[in-house]
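The values are calculated or read from the model by the stated rules, or taken from the named source; none is laboratory data. Predicted model, so just to flag it, every value in this text is computed and none were measured. No Cβ is skipped: glycine too gets one built from the backbone with ideal geometry, and neighbour counts run over all protein chains shown. The protein model used for the area step is the full one, side chains on, heavy atoms only, and it has no ligands, DNA or RNA in it. Shrake-Rupley method; radii C 1.70, N 1.55, O 1.52, S 1.80 Å.
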Amino acid sequence: MSKQNNKITSPLGVQRTVLVKELRSKGISDTNVLRAIETVHREAFLPAAMVSRAYEDTALPIDNKQTISQPYTVASMTQALRLEPQMKVLEIGTGSGYQAAILAEMGMHVFTIERHPILSQKAREVLAREGYNVNCRIGDGTIGYSAQAPYDAIIVTAGAPDVPETLAKQLKIGGRLAVPVGDKSSQQLYVVTRTADEKWDVLDLGPYKFVPLIGIEGWEDGR
Ligand code: SAM
């Protein structure tokens, strides 16, 4: 244990292990997800002022008035996708790049889209520095990325007014889309499975709170 700014802190590796224990106690059981959380350096994706809080199970502010999601949220959304190594995964809302790193650490082929160029650029740099090969794109993720479709899984890390239809159609048959749907202050996490060419099943995993998804199939900017 070392002392910093009058606060007792433990080495980051120990903090990661404690976080994993906490996530397990909250119901996360996918060992690949837990292993990725124990491996990825969340502090690398945070602004300097937030680094000391990297392993609190909480969302934290990043640039452009956006957030890095709470580790429990990252873990439960990732677990809900039931991923296997080598799957092709599209993330909407790169933000800090942390969720993309978790997916890459789990052995996925990751494409991620962010609407704020500065966030995308920063995430691209951190992901490369941390050794993750992630394809970072700038643009409106509500219309997906058709050039690489279909996907085994799509994860939307911002709250949408409805399930973005274009994203649902970019899934493989059997593919899963995790997307928070609701109003701007709270959403339900839906897992949408494409069961046939024109058929999707929806599972509601309960309430979550995300920043708004802004775009053609999301909320209007500034509304
Ligand atoms: N996954 C991120 C991480 O690991 O740090 C957290 C994402 S943050 C909660 C939501 C992100 O979605 C923000 O960075 C926001 O700018 C982005 N976003 C909102 N609407 C978007 C859209 N239509 N396309 C792409 N990104 C969008």
Problem set entry | Filtered residues of region 151-175 (kept if more than 10 Å from the ligand (Cβ to nearest atom), touching a residue at least 40 places away in the same chain (Cβ under 8 Å), closer than 15 Å to Leu83 by Cβ and not hydroxyl-bearing (Ser, Thr, Tyr)) | Asp152, Ala153, Ile154
Problem set entry | region 52-74, subset part of a loop (DSSP other than H, G, I, E, B) and open to solvent by 60 Å² or more (accessible area, probe 1.4 Å), residue nearest to Ile28 (Cα to Cα) | Glu56
Exercise. Going by the conditions given, is Leu205 more than 10 Å from the ligand (Cβ to nearest atom) and open to solvent by 60 Å² or more (accessible area, probe 1.4 Å)?
Worked result: yes
Exercise. For Asn32, are the conditions met, namely being surrounded by 13 or more Cβ atoms within 10 Å (Cβ to Cβ), out of contact with any Ser or Thr (no Cβ under 7 Å at 6 or more places or on another chain) and assigned to a helix (DSSP H, G or I)?
Worked result: yes
Problem set entry | Yes/no for Arg24 being out of contact with any His (no Cβ under 6 Å at 6 or more places or on another chain), assigned to a helix (DSSP H, G or I) and basic (Lys, Arg) | yes
Exercise. Does region 46-53 include one or more residues that are in contact with a His (Cβ under 8 Å, 6 or more places away or on another chain) and of a type in the set (D, E, K, R)?
Worked result: no
For this session: Determine the pairs where a residue that is in contact (Cβ under 8 Å) with a residue 12 or more places away in the chain and over 14 Å from Ala158 (Cβ atoms), located within region 72-96, has a partner that is part of a loop (DSSP other than H, G, I, E, B) and open to solvent by 20 Å² or more (accessible area, probe 1.4 Å) with Cβ atoms under 6 Å apart, the partner being 6 or more residues away or on another chain.
Result: Tyr72/Lys26; Tyr72/Asp57; Gln79/Asp30; Pro85/Gly107
Exercise. Can we say Ile118 is more than 8 Å from the ligand (Cβ to nearest atom) and either modelled with pLDDT of 95 or more or in contact with a helix residue (DSSP H, G or I) (Cβ under 7 Å, 6 or more places away or on another chain) (or both)?
Worked result: yes
Problem set entry | Leading residue by the ranking (nearest to the chain's Cα centre (by Cα)) among those in region 78-124 that are under 18 Å from Leu167 (Cβ atoms) and surrounded by fewer than 21 Cβ atoms within 10 Å (Cβ to Cβ) | Ala80
For this session: Within region 98-113, track down each residue that is closer than 22 Å to Tyr72 by Cβ and near the ligand (Cβ under 6 Å from one of its atoms).
Result: Tyr98, Gln99
For this session: Test each condition in (1) crowded, with 18+ Cβ neighbours inside 10 Å; (2) under 17 Å from the mean Cα position of the chain (by Cα) for Asn135 and report the one that comes out false.
Result: (1)
Exercise. Which one is modelled with the lowest pLDDT among residues in region 1-36 that are over 29 Å from Leu83 (Cβ atoms) and among the charged types (D, E, K, R)?
Worked result: Lys3
Seminar exercise, completed: With the first residue restricted to region 7-23 and required to be on the phi < 0 side of the Ramachandran plot and charged (D, E, K, R), and the second required to be modelled with pLDDT of 90 or more and open to solvent by 40 Å² or more (accessible area, probe 1.4 Å), Cβ contacts under 9 Å at 6 or more apart or on different chains are Lys7/Ser52; Arg16/Glu38; Arg16/Thr39; Arg16/His41; Glu22/Tyr72
